[in-house]
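Student: Attaching a single structure in structure tokens format; questions to follow.
The values are calculated or read from the model by the stated rules, or taken from the named source; none is laboratory data. A quick note: this is a predicted structure, and the numbers were derived from the prediction, not measured. Quick reminder, even Gly has a Cβ in these numbers, built from the backbone with ideal geometry, and neighbours come from all protein chains shown. The area values use the complete protein model at the heavy-atom level, side chains included, leaving out ligands, DNA and RNA. Shrake-Rupley method; radii C 1.70, N 1.55, O 1.52, S 1.80 Å.
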Amino acid sequence: MRYLIISDIHGNLEAFEKILSKLNDVNADKIYCLGDIIGYGADPCECLTLAKKHFDCFLYGNHEYALFSPEYEEFFNPFAYAALEWTRGQLRKSDFDFIKSFSFMKIFDDFTLVHGSPKDPEEFYYIFSGYEADTAFRHCTTNICFIGHTHVPQLFTEGYVKGSYLEPGKFFLNRNKRYIINCGSVGQPRDGNPQTSYGIYDTVLKNVTINRISYPVHLTQEKIIKAGLPKILADRLIVGK
Ligand code: ZN
């Protein structure tokens, strides 16, 4: 099986459409989404509609969860909070109903999917370090776990102190080891590379491919400004921060 792994679209329609235009090349059996389809970007409804049409699995990101959990909003910085409230005003009743059907964590074949960490998925812990990954491994029942949330493509191997940054390309997985893998963010990369990021997991060849592609960032930026969202949300896209 070939799985397309997508995370953190964040209402960025141009980046999302760019990936959808590559679906024939990707040739995936299933498309799994790790959450944060909305938030920050100017096209939350359009992204939800396309996600519903193309994806086979939907998980809560913190931006979806916060819509229904006022107590969680306090963890948002002022820009994220402004975007959350703007997004809430855009969504249709059908969007809220759709989002309510999302899961916190899913297990397929030999892998787990979760937005933050398999340790208390509804807490949305970040996994940046080997220490954080170590805790996550102890709460994961499969050999492989795909995560999102940090917007940085990274790979952690159980037993190793440090994670490694994932450059674009293919990574072969050892069947006797355990991994936590972040395939990066579609709509708001934060690794200094503004290109959209996604992953493909091939269970037969036992490898993960990270692909990065350019998309018309300036169009996304113009939409964010025009919508009255904080300007920093447009500025950060071009630098990938
Ligand atoms: Zn996110």
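Student: Going through the stretch 196-241 one residue at a time, which ones are surrounded by fewer than 16 Cβ atoms within 10 Å (Cβ to Cβ) and in a loop (DSSP other than H, G, I, E, B)?
Tutor: Hits for the stretch 196-241 are 204, 205, 206, 214, 216, 228, 231, 241.
Student: Here's another thing I want to ask about it. What pairs come out if I take residues in the stretch 7-18 that are open to solvent by 10 Å² or more (accessible area, probe 1.4 Å) and pair them with residues that are in a helix (DSSP H, G or I) and β-branched (Val, Ile, Thr) whose C-beta lies under 8 Å away, six or more apart or interchain?
Tutor: 13/220; 14/217; 14/220
Student: Condition check: in contact with a strand residue (DSSP E or B) (Cβ under 7 Å, 6 or more places away or on another chain), open to solvent by 20 Å² or more (accessible area, probe 1.4 Å), more than 18 Å from residue 113 (Cβ to Cβ) and not charged (D, E, K, R). Does residue 77 satisfy that?
Tutor: no
Student: Out of contact with any Phe, Trp or Tyr (no Cβ under 6 Å at 6 or more places or on another chain) and assigned to a strand (DSSP E or B): is that true of residue 180 in this structure?
Tutor: For residue 180, the condition - out of contact with any Phe, Trp or Tyr (no Cβ under 6 Å at 6 or more places or on another chain) and assigned to a strand (DSSP E or B) - is not met.
Student: Now for a separate question. Using beta carbons and a limit of 6 Å, which pairs, at least six apart or on different chains, have the first residue in the stretch 56-82 and hydroxyl-bearing (Ser, Thr, Tyr) and the second one part of a loop (DSSP other than H, G, I, E, B) and open to solvent by less than 70 Å² (accessible area, probe 1.4 Å)?
Tutor: Within 6 Å, the pairs are 60/35; 60/102; 60/104; 72/66.
Student: Here's a follow-up. I'm told residue 57 meets every condition in (1) within 16 Å of the ligand (Cβ to nearest atom); (2) open to solvent by less than 40 Å² (accessible area, probe 1.4 Å) except one. Can you identify the failing condition by its number?
Tutor: (1)
Student: For the stretch 33-54, how many residues meet the condition of being in contact (Cβ under 8 Å) with a residue 40 or more places away in the chain and away from the ligand (no atom under 16 Å from the Cβ)?
Tutor: 2
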